[in-house]
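Below: the structure, in structure tokens.
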Amino acid sequence: MKSNIIHVLMLVGAILAFVPILAVDYFLDGYALYRERAVVQRHVDEIAATIDANALEGADVLRKVVSAVPSLCTPTFVAAAQDAIESSLNVRQILVENLDGVQYCDAFGRNVRNSPLTQALPVPGLADTISIVQLGDLSTPAIKVTQNFGEMRRISAFVPLLVQPEAALLSTMQDGAMVRISLTNGLSMVALGDTDGFDARTSSSAYVGAQGYAGQFPIKVEYAVPFALVRANYADLDIIFTILAGIGSSMFLLYSLAYVRRSRVPAFGLERAIGRNEIKPYYQPVINLRTGELVGCEVLCRWEKRNGQTVPPGAFIDYAEATGLAIPMTLSLMQQVKNDLSELCKTLPDMKIAINLFEGHFRDSGIVEDVQAIFTNSPIGFHQLVFEITERRPLGNSAATTSVISGLHALGSRLAMDDVGTGHSNLAYLATLGVDIIKIDRIFVDMIKPGTTQVPVLDGLIAMGKDLDCEIVAEGVETEEQALYLRAHGVLHAQGYIFAPALKVGPFKELALALNSASFGDEAPVELVSNAA
């Protein structure tokens, strides 16, 4: 039977090994989309920056002319206007008119032909208004920057909306690209290329697009190009990606074969066991060493098969974590914990429930949503939940890890670092992760022997926890000497066989109610706790 399952696993692994090769187009599409979005956004930013600079230049020229002359339409004014235009790169004309649009004078003594395309619009942060006009024989619209002068007159400067002619701008665009410049109210002013494509865009996969705004001016720039056209430029990369995918597939296949050979757990059996709730929670009591009261528990698990066999977690936890089955297994355990301990948590509202998480839970924020979905409106409050992570596999300081930890903290839950001292943690690592509780591994507790007065490594870990202002829990406490030593060194909480092994829900609830039904005092002997267990 096991041989047949292994053969099936090998076949599945072989099939999965070729997934990267089949996914070459998918990943190449993603790469091309990422690159081309940057190109498109650069085009938008360049056009928007040009429009912004032109409009600001017009406003600046107006300020210089107005500040240089006491009155308008005088020879002094005309000279100042001409000088300002000559020193400007883009200002084409300066015009004085009344509020009804009747022209009084301009910089060159001409009749300034300008047809308004939009109404005057205010500009945040400036006293000027702008409008878009058709100025003389310019091929593209112009920006008319206007400033009131007294109560009856106004002075305006004209700058092109675009410095380049439309033909020159088109020559810098990608094949099939389209540009539209409009006011933020939707009124289109310039449209280049196959502009029907703007209205035909129905999905982000059909077009690569971007938009931007001309500084504080109410002008929007849109740019789009059909994805199929730019994707064709990446055809040469198909060969490189296919070669890389082939190498990756070969490595995955070899790894899968090696893993199946090492594995002692039938994969589909574990998956079915999770679906049947055969992975059962067991509760390891956590005891207050001063009062003898039960302050919480750690949720462990056992595989209780239908034939009565109980499989310890060491036989399947590593496999579950490596295959991703640890995630649905954790969800199943949390649901069972809610069903098992809801009434007890109402009776003991300060009791803490520690649930183990795996490295895979910290790759996205899904675990936070799962915790909310399971425990919202439950008698078990979020503040009663402690989530343990193991130090044996470092999480790193990625954005996803930070998001998950922040999300759990935001719910009111706490974070515990398990197996402290055995792996990768240090002061900076623990502080960065935002750990609230550190759990000292049993290998350090085992160093406490009868008559021991000092254990430097253990004492150092306890001091580290205090420096970090973390609560400390000692694991694997099996003798009275160990409990007394830990209590004397300021460790208040402990778990281990001296108190009780991991228990099924029934015996655990009985123990919790028995230990918390009476007060033993602050300095109760540890043997009272042991005897109660």
Report summary line: Taking a straight Cα-to-Cα line shorter than 15 Å from Lys504, and setting aside same-chain aspartates and glutamates fewer than 8 residues away, one finds Glu278, Glu298, Glu304, Asp340
Report summary line: Convex hull around the C-alpha positions of the chain: the volume in Å³ per residue is 252
Requested in this report: Would you kindly derive the ³J(HN,Hα) couplings of segment 434-449 from the backbone phi angles with the Karplus curve 6.51 cos²θ - 1.76 cosθ + 1.60 (θ = phi - 60°), listing them in order in whole Hz, with x for Gly and Pro?
Outcome: x, 6, 9, 9, 10, 10, 7, 5, 5, 5, 7, 5, 5, 6, 7, 10
Requested in this report: Identify unpaired cysteines across the chain, taking unpaired to mean no other cysteine Cβ lies under 4.7 Å from the residue's Cβ.
Outcome: Cys297, Cys301, Cys345, Cys470
Query raised in the report: For the chain, which span is the longest to avoid every loop-located (per DSSP) member of GluC sites (Glu not before Pro) having at most 10 other Cβ atoms inside 10 Å?
Result: 152-522
**Report entry** Under 14 Å, Cβ to Cβ, from Ala232 - net charge with Lys/Arg +1 and Asp/Glu -1
**Finding:** -4
Report task. Hey, can you grab everything whose amide H is under 5 Å from the amide H of Tyr104? Only 5+ residues off in sequence or another chain; H modelled, so Pro and N-termini drop out. Result -> Val96, Glu97, Asn98
Report task. DSSP loop (so not H, G, I, E, B), at most 16 other Cβ within 10 Å: list which trypsin sites (Lys or Arg not before Pro) in segment 82-159 pass both filters. Result -> Arg110, Arg113
Requested in this report: Let me have the relative contact order for the chain, percent, based on Cα pairs under 8 Å that are six or more residues apart.
Outcome: 12
Query raised in the report: From Cα coordinates alone, what are the radius of gyration and Dmax values for segment 461-514 in angstrom?
Result: 13.1, 38
Report summary line: To the nearest 10 degrees, the tilt of helix 456-467 (Cα long axis) against the first principal axis of the alpha carbons of the chain is 40
Report task. Mind putting a number on the dipole of segment 320-468 about its Cα centre? Charges go on the C-beta only, +1 for Lys and Arg and -1 for Asp and Glu, and I need it in Debye to the nearest 20. Result -> 140
**Report entry** segment 142-199 and segment 269-294: distance between their alpha carbon centers, rounded to Å
**Finding:** 68
Query raised in the report: Label Ile243 and Val66 with points 7 Å out from Cα along Cα→Cβ: what is the distance between them in nm?
Result: 6.5
Report summary line: Pseudo-spin-label distance Tyr497 to Val102, built 7 Å along Cα→Cβ, given in nm, is 10.7
**Report entry** Debye, to nearest 20: dipole size of the chain, +1 on Lys, Arg Cβ, -1 on Asp, Glu Cβ
**Finding:** 900
Report summary line: Filtered hits (lysines, Cα-Cα < 19 Å from Lys439, offset >= 8 within chain) -> Lys352, Lys466
Report summary line: Rounded to one decimal in nm, the spacing of the 7 Å Cα→Cβ label points at Gln372 and Glu478 is 4.4
Query - Efficiency of FRET between Asn185 and Ser398 - r from beta-carbon atoms, R0 35 angstrom, step 0.05 - result: 0.25
Query - segment 33-136, relative contact order [Cα under 8 Å, separation at least 6], % - result: 16
Report task. Report the one residue of Ser67, Thr401, Ala53 whose Cα lies farthest in the direction of the positive end of the charge dipole of the chain (charges on C-beta: Lys and Arg +1, Asp and Glu -1; origin at the Cα centre). Result -> Thr401
Query - segment 268-312: trypsin sites (Lys or Arg not before Pro) in DSSP loop, at most 14 other beta carbons within 10 Å - result: Arg276, Lys305, Arg306
Report task. With θ set to phi - 60°, apply the Karplus curve 6.51 cos²θ - 1.76 cosθ + 1.60 along segment 121-132 and write out the HN-Hα couplings as whole Hz, x wherever there is a Gly or Pro. Result -> 10, x, 10, x, x, 10, 7, 7, 10, 10, 9, 9
Query raised in the report: Whole-Hz Karplus ³J(HN,Hα) for segment 96-103, in order, using 6.51 cos²θ - 1.76 cosθ + 1.60 and θ = phi - 60°, x for Gly and Pro?
Result: 10, 8, 8, 5, 8, x, 6, 6
**Report entry** Theoretical FRET efficiency, 1/(1+(r/R0)^6), r = Cβ-Cβ of Asp194 and Arg306, R0 51 Å, to 0.05
**Finding:** 0.20
Query raised in the report: Shape call for segment 68-153 from the C-alpha gyration tensor, a ≥ b ≥ c root eigenvalues: rounded (a/c under 1.5), prolate (a/b greater than b/c) or oblate?
Result: rounded
Query raised in the report: What's the longest piece of the chain with no exposed chymotrypsin sites (Phe, Trp or Tyr not before Pro), counting a site as exposed if DSSP puts it in a loop and it has at most 15 other beta carbons within 10 Å?
Result: 109-496
Requested in this report: Give, in nm to one decimal, the length gained when the segment between Tyr234 and Asn277 is fully stretched (0.36 nm per residue of separation minus the Cα-Cα distance).
Outcome: 10.6 nm
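Every read-out reported here was derived from the displayed coordinates using simple, explicitly stated rules and does not represent laboratory data. Nothing here was measured: the structure is a model prediction, and the numbers come from that model. Using ideal geometry, Cβ is built from the backbone for each residue, glycine included, and neighbour counts are taken over all protein chains shown.
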